[in-house]
Structure formats: structure tokens, C-alpha cells
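**Q** Input: one structure, supplied below.
The values are calculated or read from the model by the stated rules, or taken from the named source; none is laboratory data. None of these values were measured; they are calculated from a predicted model. Methodologically, a virtual Cβ is constructed for each residue, glycine included, from the backbone with ideal geometry; neighbour enumeration extends over all protein chains shown.
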Amino acid sequence: MINPKQLPIHEAHNLLKSKQISSVELTKAALARIQAVEPKVRALMTVTEEHALLAATHADKRIADGDCRPLTGIPAVMKDLLCTKGIRTTCSSKMLENFVPPYNATVIEKLYAEGMVLVGKANMDEFAMGSSTENSAFYPTYNPWDLGRVPGGSSGGAAAAVAAGESIYALGTDTGGSIRQPAGFCSITGLKPTYGRVSRYGAIAFASSLDQIGPMTQDVEDAAIVLNAISGHDKHDPTSVPCEVPDYTKVLGKSIKGMKLGIPREYFVDGMQPEAASVIRAAITKLEELGAHIDWDVSLPSTPCALAVYYIIAPSEASANLARFDGVRYGFSYNGAVSMWETLEKTRQFGFGPEVKRRIMLGTYALSAGYYDAYYLKAQKVRTVIRQEFDNAFDKYDALITPTSPTVPFKIGEKMDDLMTLYLSDVCTMPVNIAGIPAISIPAGFVDGLPVGLQIIAKSFAEETILRIAHAYEQSTGWQQRRAEL
Ligand code: GLN
């Protein structure tokens with residue numbers, strides 16, 4: 001019996017290529033696992049069983065013809081804001097509950113071309129706004145490591161699906177931490193690539209200058225394999241960068257001896273759980289043992305401003321992006337209004353959840369005449385300073401090492417009444433989006449059975465540096481091999 005739970009992409013690929021298993025068998029195993037654990041975990045919005053079995057049959061033909069690419073025949077789930085042609089794409093919002101896109105996102109096209117078997121669409125915070133997946137308009141997702149706790153967010157469904165063995169890998173999106181924070185909370189690997197590395201075409205936009213799509217996988221090698229498949233310039237996304245895509249798997253296994261790593265003190269924030277901080281310090285010591293030079297006291301002084309900057313810029317962009325949901329073109333439309341204005345108003349009143357409305361109001365306020373200079377423009381200026389501080393640090397260091405989050409996964413409901421502390425769970429990840437640079441979260445250990453993530457940050461387009469360090473660490477510790485018992 002195949003157990004998709006302990007089968008990273010590279011191992012599944014070897015089994016498929018050597019014909020020890022077929023894609024149909026692998027896909028059936030994933031679907032069986034979904035059936036078994038989904039009532040507890042609730043990671044998925046939609047299960048695409050029929051579609052998956054058909055895709056698996058095609059993949060098996062392709063493999064029989066000798067064309068077995070690294071992702072051919074391998075089951076995956078996609079965050080439910082990536083448009084999938086003919087398959088409902090909800091953003092976990094009532095607004096898009098019955099939206100069936102007429103086209104595929106570029107990343108979906110690319111993965112189909114590699115032979116992906118799509119088994120489902122993953123639950124998320126509505127329109128990717130949140131850090132716990134409790135903002136889904138339909139139901140929360142539960143952390144496979146402790147079903148009383150959140151899986152993180154907004155890509156919490158994707159992270160939980162991988163951690164629970166429902167899917168071999170997933171794609172998420174990260175605007176302020178939504179790939180890395182849930183990856184950390186579910187003890188998987190999550191990579192946010194450089195802004196522009198991966199086309200955003202067909203990813204339903206939250207904050208366009210911050211959003212980036214990336215892999216959520218069982219280990220670092222898998223992250224490199226998926227990044228290979230989804231990267232590159234796309235004529236449909238003018239912000240995607242026309243520069244060459246290296247083979248990211250080439251750096252795996254290279255020593256990190258002599259690399260210079262900085263530890264920015266501002267990331268060990270007030271209120272950080274001391275046990276989680278100890279786990280991170282132990283991980284850094286491990287990197288030192290592996291031959292890296294560690295500078296334990298680096299300062300990026302504007303880091304504490306990142307949260308404020310994010311909560312001006314992200315809602316501002318969201319308020320513009322979400323203006324398109326007007327009940328006219330697609331998605332939910334309120335029926336029975338007497339005027340065009342009433343349709344518009346009621347559509348938005350009933351279609352959006354409370355967090356989305358909060359963001360739209362915040363953003364509209366920050367952009368309005370009279371407040372624009374004081375808030376939006378100021379935030380953009382601080383954004384430049386944050387970026388410059390990173391640039392200066394990367395003159396000296398190959399990478400920066402930080403916690404992914406200040407705490408382990410919290411209890412369901414624990415922070416819903418205290419939004420400020422909920423927002424704080426992304427303090428360590430947001431500066432990275434503000435600067436547009438890449439970062440990864442990898443498993444670094446546990447506190448009382450709950451996962452802790454380690455974040456590795458590097459300069460723009462230095463994903464290879466990140467993967468090299470992450471792989472060296474992972475191989476020397478083996479945390480990635482632990483699986484949640486469900
Ligand atoms: N938690 C942050 C927010 O609520 C980041 C979300 C994300 O990265 N999509 O906005």
C-alpha cells in the first residue's frame with residue numbers, strides 16, 4: 001500500500017519512473033487519504049477526484065512513452081485563489097463560491113504541462129487575508145499536529161494538506177507570510193520566491209506589489225523541483241522578470257562552509273515565546289557547526305515599522321483590486337435590489353466577510369485625498385528604507401536567519417477577538433514581501449509537540465543560496481521526516 005504521507009516528490013518520481021507504482025495507484029492513495037482525514041483536517045475546498053484520475057491515466061501513458069518529468073503523475077493541491085479552468089475557484093469567499101474560471105493561471109498551465117495530477121483546491125483565509133485560515137467563509141482548517149490549533153494562514157489548507165499526506169505538494173501564495181507562516185506551523189517547507197520570479201497571472205490578486213506564488217513541500221529538494229517548474233517570464237504578467245531560470249536542484253548537497261550568515265536581533269521580538277527562540281538558536285548553532293560564519297548581532301533598525309507599512313500598503317492595494325467584485329461581471333450578485341447602487345452595495349455587504357471589509361475600509365481611507373500623503377506615501381517611503389537596510393545587510397552576508405513566527409501554532413479561536421496579536425504573527429515574514437526578496441521556512445524542531453519554523457532570507461534572485469543553506473540544515477537534522485500522527 002502506497003502511503004503518500006511519507007513520499008516526497010523526488011521519491012515518488014523514482015517509483016513512477018522505474019514503474020514500481022503507477023500514477024493511478026498513487027492518485028488513488030492520495031484520494032483515499034483525503035477521504036480518511038479530510039473530515040478532521042478540512043484542508044480542502046474542492047476535491048477533484050474524476051479530473052485527477054483522468055490526469056493520472058494520461059500521466060501513466062506519458063511515462064510508458066518514456067517521458068517522465070520530475071512532476072509527471074504526482075498529485076498536488078492548489079490554493080483556491082489560483083484559477084483552474086473548469087474547476088471552481090472560490091478564494092474561500094461567498095463572493096466567488098460558484099466561480100468557475102474560463103482559464104488557467106500560468107503556474108497551473110506550467111504544472112499541467114509537466115504532468116501534474118490536481119487532486120483538490122485548498123482552503124484559505126478569504127482573499128488571503130489572515131494568518132490562521134479561520135477567515136475562510138466556509139470552515140476553518142485544523143492543524144494536523146494538533147486538531148485544536150490553527151494551521152496558520154492564509155495558505156493554511158495547502159500546508160495542512162501536505163502535512164496530513166492528502167497531497168504530495170502544494171502551491172500557495174505569500175503577501176505577508178502566507179506561505180512561510182503556515183509552512184512553519186505545519187512543519188513543512190514553504191518558499192516565497194523573489195517578486196517577479198513566478199508569474200502571478202491567474203492568481204486572484206490581494207496586494208499586487210506584494211503577492212508571490214511559491215511551493216509548499218515535504219522537503220527542500222521538492223521545493224527546488226517545484227520552483228524549477230513554475231519560474232520564469234510570462235508575457236501575461238508584466239511584473240514577471242525576463243531573466244534566466246537556473247536548475248535549482250543543482251545547488252543541493254553543496255557545503256555551506258564559509259558562508260556568512262547574519263542574525264538580525266529585531267526578529268526576536270518582544271513577546272516571542274522563549275522556547276521557540278531556543279529552538280531557533282539551536283538551529284543557528286547547527287548552521288555554525290556546518291561551517292557557516294555566524295554574526296549573532298546584526299541590526300535592521302526599521303524592521304519594527306514593517307507591520308505598520310504592510311497594513312497601509314496591503315489594504316490600499318486590496319481596496320483597488322477588490323473593487324471589481326461589483327455583482328455585475330462575475331461572482332455573487334445580490335438579487336432583488338431596486339437600483340444598480342443597491343445591487344452593488346448588497347453584493348458587497350453579503351459577499352465579503354468581516355476581515356475583507358475591514359481591509360477595504362482601511363485601504364480606502366489610506367488612499368483618500370487628504371490622507372494619502374500622511375499614510376500611503378509615507379508607507380512607501382519607509383518601504384524604501386526597509387529595502388535599503390536589507391541591501392546593505394546583503395553586502396556583508398549571504399543570508400539572514402530568523403524565526404518564521406514568534407510563536408508555535410495557537411488555539412482555534414484564541415486570537416480572533418484580538419486582531420493586533422493575530423496580525424503580529426507575521427512580524428518576521430512581512431519585511432521580506434515589503435522588500436520583494438526571497439525567503440524560505442523549513443522545519444526546525446518542536447516545542448511540546450508543536451512545530452517551529454526557521455526562516456532563511458537572501459537577496460533578490462538568490463533562491464539558490466536559500467535552498468543550499470536550507471538543504472544543508474535539513475539533511476543534518478532530519479526534522480522534515482517527522483510526520484503528524486492523525
Ligand atoms: N497574514 C497577513 C495578512 O493577513 C498576510 C497574508 C498573506 O500573506 N496573504 O494580510
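**Q** So, of the residues in the stretch 363-373 that are part of a helix (DSSP H, G or I) and over 24 Å from the mean Cα position of the chain (by Cα), which turns out to be farthest from R324 (Cα to Cα)?
**A** Filtering the stretch 363-373 for residues that are part of a helix (DSSP H, G or I) and over 24 Å from the mean Cα position of the chain (by Cα), the one farthest from R324 (Cα to Cα) comes out as D373.
**Q** Just checking, how many residues over the stretch 394-417 are more than 20 Å from I437 (Cβ to Cβ) and either touching a strand residue (DSSP E or B) at 6+ places or on another chain (Cβ under 7 Å) or aromatic (F, W, Y) (or both)?
**A** The qualifying residues number 5.
**Q** Does at least one position in the stretch 374-384 carry a residue that is among the hydroxyl-bearing types (S, T, Y), assigned to a helix (DSSP H, G or I) and in contact with a Phe, Trp or Tyr (Cβ under 9 Å, 6 or more places away or on another chain)?
**A** Checked the stretch 374-384: at least one residue is among the hydroxyl-bearing types (S, T, Y), assigned to a helix (DSSP H, G or I) and in contact with a Phe, Trp or Tyr (Cβ under 9 Å, 6 or more places away or on another chain).
**Q** Looking at the stretch 394-402, can you tell me whether even one residue there is of a type in the set (G, A, S), more than 18 Å from G271 (Cα to Cα) and in a strand (DSSP E or B)?
**A** There is at least one residue in the stretch 394-402 that is of a type in the set (G, A, S), more than 18 Å from G271 (Cα to Cα) and in a strand (DSSP E or B).
**Q** State whether the residues of the stretch 458-474 include one that is crowded, with 24+ Cβ neighbours inside 10 Å and under 22 Å from V269 (Cα atoms).
**A** yes
**Q** What about T465, is it within 16 Å of the ligand (Cβ to nearest atom) and not hydrophobic (A, V, I, L, M, F, W, C)?
**A** Spelling it out, it is not the case that T465 is within 16 Å of the ligand (Cβ to nearest atom) and not hydrophobic (A, V, I, L, M, F, W, C).
**Q** How many residues, within the stretch 308-335, are hydroxyl-bearing (S, T, Y), modelled with pLDDT of 95 or more and over 18 Å from L419 (Cα atoms)?
**A** 4
Here is a yes/no grid of residues against (1) charged (D, E, K, R); (2) under 12 Å from the mean Cα position of the chain (by Cα); (3) within 13 Å of the ligand (Cβ to nearest atom); (4) at pLDDT 95 or above:
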site	(1), (2), (3), (4)
G86	no, no, no, yes
L96	no, no, no, yes
P101	no, no, no, yes
E114	yes, no, no, yes
L118	no, no, no, yes
E134	yes, no, yes, yes
E166	yes, no, no, yes
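**Q** While we're on this one: What's the number of the only condition in (1) closer than 19 Å to T465 by Cα; (2) more than 16 Å from the ligand (Cβ to nearest atom); (3) in contact (Cβ under 8 Å) with a residue 60 or more places away in the chain that D395 fails to meet?
**A** (3)
**Q** Residues of the stretch 296-327 being more than 16 Å from the ligand (Cβ to nearest atom), surrounded by fewer than 16 Cβ atoms within 10 Å (Cβ to Cβ) and either of a type in the set (F, W, Y) or in contact (Cβ under 8 Å) with a residue 12 or more places away in the chain (or both), which ones?
**A** W296, D297, S299, P301, P304
**Q** Okay, moving on. Taking the condition in contact (Cβ under 8 Å) with a residue 12 or more places away in the chain, of a type in the set (A, V, I, L, M, F, W, C), more than 30 Å from E266 (Cα to Cα) and away from the ligand (no atom under 14 Å from the Cβ), does L290 pass?
**A** No.
**Q** Also: Taking the condition of being part of a strand (DSSP E or B), over 17 Å from M216 (Cα atoms) and of a type in the set (A, V, I, L, M), how many residues in the stretch 417-451 meet it?
**A** 2
**Q** Does the stretch 356-388 hold any residues that are more than 16 Å from the ligand (Cβ to nearest atom) and farther than 16 Å from Y310 by Cβ, and which are they?
**A** Result: T364, S368, A369, G370, Y371, Y372, D373, A374, Q388.
**Q** Looking at the stretch 242-276 only, could you name the residues that are touching a residue at least 40 places away in the same chain (Cβ under 8 Å) and acidic (D, E)?
**A** E275
**Q** Would you mind stating whether L96 is in contact (Cβ under 8 Å) with a residue 12 or more places away in the chain and hydrophobic (A, V, I, L, M, F, W, C)?
**A** Taking the combined requirement at face value, the residue satisfies it.
**Q** Let me ask something else. With respect to G436, determine if the residue is within 16 Å of the ligand (Cβ to nearest atom), in contact with a helix residue (DSSP H, G or I) (Cβ under 6 Å, 6 or more places away or on another chain) and either within 11 Å of G176 (Cα to Cα) or touching a residue at least 12 places away in the same chain (Cβ under 8 Å) (or both).
**A** Spelling it out, it is not the case that G436 is within 16 Å of the ligand (Cβ to nearest atom), in contact with a helix residue (DSSP H, G or I) (Cβ under 6 Å, 6 or more places away or on another chain) and either within 11 Å of G176 (Cα to Cα) or touching a residue at least 12 places away in the same chain (Cβ under 8 Å) (or both).
**Q** Additional query: Could you identify the single residue in S199, S178, S209, S154 that is more than 16 Å from the ligand (Cβ to nearest atom) and not charged (D, E, K, R)?
**A** Answer to the check: S199.
**Q** I would also like to ask the following. Filter the stretch 146-180 down to the residues that are in a helix (DSSP H, G or I) and more than 20 Å from K121 (Cβ to Cβ) and list them by number.
**A** R180 - this is the single residue of the stretch 146-180 that is in a helix (DSSP H, G or I) and more than 20 Å from K121 (Cβ to Cβ).
**Q** Right, here's the next one. List every residue pair whose Cβ atoms sit under 6 Å apart, with the two residues 6 or more apart in sequence or on different chains, where the first one lies in the stretch 110-138 and is of a type in the set (D, E) and the second, anywhere, is outside any loop (DSSP other than H, G, I, E, B).
**A** E114/A229; E126/V356
Yes/no matrix, rows are residues, columns are (1) under 20 Å from G172 (Cβ atoms); (2) free of Cβ contacts under 8 Å to residues at least 40 places away in the same chain; (3) touching a Ser or Thr at 6+ places or on another chain (Cβ under 9 Å):
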site: T429; (1), (2), (3): yes, no, yes
site: V432; (1), (2), (3): yes, no, no
site: P443; (1), (2), (3): yes, no, yes
site: L454; (1), (2), (3): yes, no, yes
site: A462; (1), (2), (3): no, no, yes
site: I466; (1), (2), (3): yes, no, no
